[in-house]
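For reference, the structure discussed in these notes is given below.
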Amino acid sequence: MTIQMKRLTKISGCLAGVLALLLTGGCSSKKYVRSQTAPLIQHTNELDDQTATNNRNLKNLDEKTTTGITKAQSSADAAQQSAQQASTAAGAAQKSAQEAVNRADTLSSLVTNLDSYKQIGAASVTFGFDKSVLTKKDKAQLDQLAGPLNSTKGYILEVTGGTDSTGSAEYNYALSQRRAEAVVQYLASKYNVPAHKFYLIGIGKDKEVAPNTTAEGRAKNRRVDIQVLSNMQQGGSTVSELQSH
C-alpha cells in the first residue's frame, strides 16, 4: 500500500468517525430536548385546563350573582311597596281621625249641658316661633295629664291652640290649628284616645295670656291649653271620685 493510499484510508476513517459522532450527538440532542420540553408542554396543558375550569366557575358565579341580585331587588321592591302601602294606610287613618275630631270656635257650641262638666285635669304646652312640633318636655306634660284617662269615665278633652301676635290673623288661625292637632295626634296615638273625645279649638292670636309686647309674653302665647272635663253624673261617679283615680 502506497503512502497516498494510507493517507486516504486514514482520512476516510476519520470522516466516518466524525459522521458517526455527529449522528450519535444529534439523536442525543433530540432526546434531551424532548425530555426538557415534555414537562413544560404538560404544565402548559394543565394551566389551560385550569384556566378553562376557572372561566366556567366565574361564569357560574356571575350567573348566581345576577340571580341573587335580581331576587334581592325583587324583595326590596316588594318591601318598598309594602312600606308605601302601610304609609298610605297610616296616612288615611290619621286623616280619618283628624276629620273625626270635633272642631269649633267654642266648646259650648258643640257640647250640650256643658255646665254639668267639671275640669278634672289641665296642662299647657308651648311652641317655638312658627313651630308646631312637640318637644320632649311637652310630651312629658301630656303623659302626666293622659295617664289617668283609661280609668276616667265620661270625659272630653278641650284642646285650644294659640299663637303670638306676629303675622296675619289667617296665618295664625292655621298655625294654632296645627299646634292643637299635634297634641291631639300624640294623645290619640299613644293613649288610644278616641277622636270623638277631642274638641279642638284654634283661636290664633285672638286670646292672649300674656302681653305680646315682650319676648317672654309672646313665648307664653305660643301655646296649646288642654282641659280634661268630665260629667259628674256620668256612670254614677262624682268629680271628686274621678279626681281620685
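Throughout, read-outs are computed from the coordinates displayed, never taken from laboratory work. These figures come from a predicted structure and were not determined experimentally. With ideal geometry, Cβ positions are generated from the backbone for all residues, glycine too; neighbour counts draw on all protein chains shown.
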Subject >> Residues whose placed amide H lies under 5 Å from that of residue 202, excluding near-sequence neighbours >> reply: 104, 161
Original post:
What are the ³J(HN,Hα) values, in whole Hz, obtained from phi via the Karplus relation 6.51 cos²θ - 1.76 cosθ + 1.60 with θ = phi - 60°, for each residue of segment 133-138 in sequence order, with x given for Gly and Pro?
Top reply: 10, 6, 8, 4, 5, 4
Original post:
Where in segment 163-206 is the amide nitrogen less than 19 Å from a point lying 7 Å along the Cα-to-Cβ axis of residue 139?
Top reply: 179-193
**OP:** Measure up 71/190; 131/197; 71/139 against 32 Å on the Cα-Cα distance and list the ones that go over.
**Re:** 71/190; 71/139
Original post:
Quick one: Karplus J couplings for segment 51-65, per residue in order, coefficients 6.51, -1.76, 1.60, θ = phi - 60°, nearest Hz, x for Gly and Pro?
Top reply: 4, 4, 5, 4, 4, 5, 5, 5, 5, 5, 5, 4, 5, 5, 5
**OP:** Calculate, in nm to one decimal, what residue 74 and residue 185 gain on full extension: separation in residues at 0.36 nm each, minus their alpha carbon distance.
**Re:** 36.5 nm
**OP:** Read phi for every residue in segment 118-125 and hand back ³J(HN,Hα) as whole Hz from Karplus 6.51 cos²θ - 1.76 cosθ + 1.60, θ = phi - 60°, with x for Gly and Pro.
**Re:** 10, 6, 10, x, 7, 7, 9, 10
